[in-house]
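Here, each number is a calculation from the coordinates, and none is a lab measurement. This is a predicted model, so every value here is computed, not measured. Cβ placement follows ideal geometry from the backbone for every residue including glycine, while neighbour counts extend to all protein chains displayed.
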């Protein structure tokens, strides 16, 4: 069974691009535009990893991560943002994110990173040659 990944980002284009890249690599992906919808999905199904944007209207990334830490402490979280935060800053504000991903990010590298963090083997995909 493919790893289950949740993507939470209010930027439709960024969210859809990331979700498509993750799906194309063999991951199962659910994506939502805001924190409250993420909490609903987390209550309904199990995920192996979540990618969460820091700045969102309503329930923002920081608030979502704090709720997830209490309700789903086993869920690894990758925090994404156009604002750079160091590991020390994340620790000081009490976030248990496994990593911080600055935007913009190289999609291929992020996909590889997500696969590594799920801890599940990535399926072999043969590259097709053009004729």
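Observations on the structure shown:
- Simple spin-label estimate for residue 69 and residue 99 in nanometres, 7 Å along Cα-Cβ: 2.0 nm
- Overall form of segment 4-118 per C-alpha gyration tensor (a/c, 1.5; a/b vs b/c): rounded
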